[in-house]
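This report concerns only the one structure given below.
The values are calculated or read from the model by the stated rules, or taken from the named source; none is laboratory data. Since this is a predicted model, take the numbers as computed values, not measurements. All Cβ positions, even for glycine, are placed from backbone atoms using ideal geometry, and neighbour counts span all protein chains on display.
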Amino acid sequence: MLASGRGRIGYTASGLLKRYPMLIPLLCLIIVALLICPEFGTVINLKNILKQFVVVGIAALGATFVVLGAGIDLSVGPVISLCTVVAALTQGFKMPLIFLIVLFTGVVFGLLNGFAIARVKLPSFIGTFGMGSIAMGLSLGLSGGWPLFINRSDYSIMGDGEVLGIPIAFLIYFVLIVCTHFFLKHSVYAKHLYGLGTNEDALFTYGVNVKSVRQWSYVIAGFFAGVAAIIASSRSCTGDPSIGMNLSFDIIAATVIGGTRIEGGYGGIVESAIGTLIVAIINNVLNLMGVVYYWQIFTKGVILLAAILISRAALRASQPKEGFAEAV
């Protein structure tokens, strides 16, 4: 019985590492962080990490849908900026209405992205870059280029509040991970989305509305950008038109670094969560070491590029031949 139990545990562990190969670099990164920064493992710092990486993590959940469909969303950072400004401008409303308006703003930009790419057939790089420029221009224009303070104490609960010592923002993120992971594993739309990233022509031959599948991926990304903006503005109690410029790189990196193929058709929510944690630890360690901002950018670029190359090499050795199988 004991031997059987060990075998089952060993098989499960090896299966987990084979399924999510970026867990190995993540574990190595944690060990290195503990060795070079003793304060990394403190309770206060770990709580800070949980709070800080939630915004990137939530936005990366939405970006995952776009990447799975062989697209890319360069507008997510600017849309988050705009949504935080909208939250500040509507702070006089009741809290549920503020949230609805912010989410609506994100969804509208998702619809516009989807229309430009799926219907007008603009390349996703160009279409989302253009929409991102519009969102950034609106956020700067509406705010005057300065952060707008949110002067209400109840608004900070979602960003800074805790339940049993666990940040509320992290609990929200965890629930979203579970829900989106289940959705990508069991919904018909998810099968079509993986098919879109794997072989769009075959999906069209089966009679699937490819345009609709692609457009909805951007709508979902816009919705999650709105959720991320609510958490971000709740943490800082500001509508910050510049916040997106600091987030865009991390969001895209978190989406693909965990193992989601940038070409589409393979990956998922767990991979994005792993990638988000890797990005968060890198950011945290660089801050703890006192690395100046411009060298942080250089260091993150080198580390993230190396991690992506490792991820792609591992995926070539371990991934299933059919991307469609990911959703079955």
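Values as computed for the structure displayed
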read-out: Selection from the range 132-170 of residues that are among the charged types (D, E, K, R) and either part of a loop (DSSP other than H, G, I, E, B) or buried (at least 19 other Cβ atoms within 10 Å of the Cβ) (or both); value: Arg152
read-out: So Val285, is it at pLDDT 85 or above and surrounded by fewer than 17 Cβ atoms within 10 Å (Cβ to Cβ); value: no
read-out: Filter result for the condition that a residue is in contact with a Leu (Cβ under 6 Å, 6 or more places away or on another chain), more than 30 Å from Val43 (Cα to Cα) and at pLDDT 95 or above, over Ser187, Ser143, Ser139; value: Ser139
read-out: Condition broken by Tyr266, with the remaining ones in (1) part of a helix (DSSP H, G or I); (2) in contact with a Gly (Cβ under 6 Å, 6 or more places away or on another chain); (3) surrounded by fewer than 24 Cβ atoms within 10 Å (Cβ to Cβ) satisfied; value: (1)
read-out: Criterion (without any contact (Cβ under 8 Å) to a residue 40 or more places away in the chain and crowded, with 24+ Cβ neighbours inside 10 Å) met by exactly one of Gly62, Gly69, Gly127; value: Gly127
read-out: Which listed residue, of Gly239, Gly259, is farther than 17 Å from Phe65 by Cβ and either touching a strand residue (DSSP E or B) at 6+ places or on another chain (Cβ under 7 Å) or buried (at least 24 other Cβ atoms within 10 Å of the Cβ) (or both); value: Gly239
read-out: Pairs where the first residue, in the range 285-305, is over 23 Å from Gly258 (Cβ atoms) and the second is surrounded by 15 or more Cβ atoms within 10 Å (Cβ to Cβ), C-beta under 7 Å, 6+ apart; value: Met289/Cys37; Val291/Thr299
read-out: Val227 vs. criteria more than 18 Å from the chain's Cα centre (by Cα), surrounded by 14 or more Cβ atoms within 10 Å (Cβ to Cβ) and not in a loop (DSSP other than H, G, I, E, B); value: no
read-out: Matching residues in the range 106-123 - criterion: being surrounded by fewer than 24 Cβ atoms within 10 Å (Cβ to Cβ), part of a helix (DSSP H, G or I) and among the β-branched types (Val, Ile, Thr); value: Val107, Val108
read-out: Residue list for the range 10-36, restricted to those being at pLDDT 90 or above and touching a Gly at 6+ places or on another chain (Cβ under 6 Å); value: Leu34
read-out: Subset tally (residues that are free of Cβ contacts under 8 Å to residues at least 40 places away in the same chain and either assigned to a helix (DSSP H, G or I) or in contact with a strand residue (DSSP E or B) (Cβ under 8 Å, 6 or more places away or on another chain) (or both)) for the range 72-97; value: 2
read-out: Evaluation of Val210 against (1) under 24 Å from Ile24 (Cβ atoms); (2) touching a residue at least 12 places away in the same chain (Cβ under 8 Å); (3) surrounded by fewer than 20 Cβ atoms within 10 Å (Cβ to Cβ) (one fails), failing number; value: (1)
read-out: In the range 184-194, the residues that are in a helix (DSSP H, G or I) and either farther than 24 Å from Ile274 by Cβ or out of contact with any helix residue (DSSP H, G or I) (no Cβ under 6 Å at 6 or more places or on another chain) (or both); value: Lys185, His186, Val188, Tyr189, His192
